[in-house]
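Undergrad: One structure is given below, represented as structure tokens, and several questions about it will come after.
The values are calculated or read from the model by the stated rules, or taken from the named source; none is laboratory data. As the structure is a computational prediction, the values presented were derived from the model and not from experiment. Please note that ligands, DNA and RNA were not included when accessible areas were found on the heavy atoms of the full protein model with its side chains. Shrake-Rupley method; radii C 1.70, N 1.55, O 1.52, S 1.80 Å.
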Amino acid sequence: MTLQSCSQEKQSENVAKDQTEAISAAWEESGEWVQKLSLSPSKIIRNASWGQDFASLQDTLELAESQPDKGKSYTLYFDDTDLNFSDITYIPNDQNKLTEIDFDIFVDSSEDVQPLIDKWKGYLDSKFGASEVKGQQILWAKDKNTRILLENVSTPKDPGIKLSFKSAN
């Protein structure tokens with residue numbers, strides 16, 4: 001009996017290790033922009049966790065020009081053009097705990113949108129399970145703690161995507 005439970009624990013450890021390695025590999029393959037935005041494959045995104053005290057968030061980016069009514073927004077530039085950037089907004093709940101992180105990603109050219117969506121999808125499918133496509137939206141809802149929405153929000157003048165991470169609890 002003991003041998004079997006040890007064997008099951010070992011199998012669980014191996015599955016978790018394989019999963020972690022697969023997520024890391026997907027992150028490595030996701031490209032520079034996904035890596036700069038996500039920071040690492042650990043935690044949810046940008047090394048943050050749901051329920052984390054809002055005051056404990058450590059983002060070293062510049063504060064965005066416009067700030068939300070609730071939360072804090074930062075801007076990450078991908079190059080020197082001011083055309084390729086993302087606003088990253090952290091949103092707390094009424095208890096001042098992190099419950100949402102939104103990315104408004106703008107690119108110089110509409111041809112850059114789909115490849116970026118594909119890179120995010122590959123990484124997020126590996127980390128959060130298979131996605132579901134509903135029109136222009138890609139949803140991840142299998143993870144018990146996190147809901148993710150990725151959407152092409154391009155206009156002829158401003159190509160880009162919106163990516164939202166929300167606590168499911």
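Undergrad: Please report the carbon-and-sulfur percent of the accessible area for the chain; probe 1.4 Å, protein heavy atoms only, DNA, RNA and ligands left out.
TA: Here carbon and sulfur together make up 49 percent of the probe-accessible area.
Undergrad: Relative contact order (percent) for the chain, with alpha-carbon contacts under 8 angstrom and 6 or more residues of separation?
TA: 17 percent
Undergrad: Within straight cross-link reach of Lys144, meaning Cα distance under 17 Å, which aspartates and glutamates are found once same-chain residues fewer than 8 apart are removed?
TA: Glu100, Asp125, Glu132
Undergrad: For the chain, what does the accessible surface come to per residue with a 1.4 Å probe? Please give it in Å².
TA: 59 Å²
Undergrad: Based on the Kirkwood radius over alpha-carbon pairs, what value in µm²/s does the Stokes-Einstein equation return for the translational diffusion coefficient of the chain at 20 °C and 1.002 mPa s?
TA: Using the Kirkwood radius from Cα pairs, D works out to 124 µm²/s.
Undergrad: Which angle between 0 and 90 degrees, to the nearest 10, do you get for helix 113-128 versus the longest principal axis of the chain when only C-alpha atoms count?
TA: Helix 113-128 and the main axis of the chain meet at about 30 degrees.
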